[in-house]
Amino acid sequence: MNNSVTNTARLLWAGLRALLVLTLVTGVVYPLVVTGIAQAAFHSKANGSEVKADDKVVGSSLIGQQGYSLDYFQGRPAGGLGTNSVNTRYKLILSGATNLAADNKVLIQQVKDAKAVVVKDNSVPGYTVKASEVPADAVTSSGSGLDPDISPQYADIQVHRVAEKNNLSVSAVEKLVKEHTTGRTLGFIGEPRVNVLELNIALKELTKGS
């Protein structure tokens, strides 16, 4: 009987020690090591890829923003996000697609309406946008609805409108777009892209000096 109690106590103590050691290793040491490596090697990404303007965090380079005035470059539509009624105080970001098939009549009409708006908004005296020039990313949302980038083609058709709204030369705005155009990752992955938030911050700085 005493041997049985002793063996049980020994097993319980061994299990407790294993629990304490594993808790320390996986719950304290490992997270600290991973966090340290991330902060040292990938500081910006580890902290949410924050974008600052005037020494304030204004967003993330990984998350698209809505509500830009026509003085600025517009991002992709976000038709799948729905309405935020969960946490309006902190403006909870919702993510999602429309889940409509390519031949869905509702989606087709949304694309037609969006294309008409793009043509109307970006056609200014001396420059007319043709419907055939409007790229797909200008009238469709991404799978998440939070795509922070647009194609160089979509940025290009906005140049004349942005230049007129901000009393800038077309060449100056074209130069700005070119400077903020990122090529394919590793030269072959994905497509060239323009980060809208970073481009608009640069545009704001340019208008300050004009």
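The values are calculated or read from the model by the stated rules, or taken from the named source; none is laboratory data. These numbers were taken from a predicted model, which means no experiment stands behind them. Virtual Cβ from ideal backbone geometry, glycine too; neighbours counted across all protein chains shown.
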Given (1) polar (S, T, N, Q); (2) exposed (fewer than 11 other Cβ atoms within 10 Å of the Cβ); (3) not assigned by TED's automatic domain parsing to the domain that holds ALA101, identify the lone condition not met by GLN39. (2)
Let me spell it out: the conditions are (1) modelled with pLDDT of 85 or more; (2) of a type outside the set (D, E, K, R); (3) surrounded by 12 or more Cβ atoms within 10 Å (Cβ to Cβ), and GLY80 meets all of them except one. Which number is the exception? (1)
Which pairs turn up if I take residues in the stretch 56-69 that are farther than 14 Å from LEU146 by Cα and in contact (Cβ under 8 Å) with a residue 24 or more places away in the chain and look for partners that are surrounded by fewer than 16 Cβ atoms within 10 Å (Cβ to Cβ) and not β-branched (Val, Ile, Thr) with beta carbon separation below 9 Å, at least 6 apart in sequence or on another chain? VAL58/GLU50; VAL58/LYS52
Selection over the stretch 153-201 where residues are at pLDDT below 95, among the small types (Gly, Ala, Ser) and within 20 Å of ALA136 (Cβ to Cβ) yields a count of 2
Out of the residues in the stretch 171-194 that are assigned to a loop (DSSP other than H, G, I, E, B) and within 19 Å of the chain's Cα centre (by Cα), state the one that is nearest to PHE73 (Cα to Cα). HIS180
Just checking, which of ILE150, ILE157, ILE189 is of a type in the set (A, V, I, L, M) and more than 23 Å from LYS115 (Cβ to Cβ)? ILE189
Looking only at the stretch 148-181, filter to residues that are closer than 18 Å to SER61 by Cβ and among the acidic types (Asp, Glu); which one of those is surrounded by the most Cβ atoms within 10 Å (Cβ to Cβ)? ASP149
For the stretch 130-151, enumerate the residues that are in a loop (DSSP other than H, G, I, E, B), aliphatic (A, V, I, L, M) and touching a Phe, Trp or Tyr at 6+ places or on another chain (Cβ under 9 Å). VAL134
When you look at THR8, is it at pLDDT below 90, outside the structural domain of VAL194 (by TED's automatic domain parsing) and hydroxyl-bearing (Ser, Thr, Tyr), yes or no? yes
Looking at ASN200 and the list (1) assigned to a loop (DSSP other than H, G, I, E, B); (2) within 17 Å of TYR68 (Cα to Cα); (3) polar (S, T, N, Q), which single condition is not satisfied? (1)
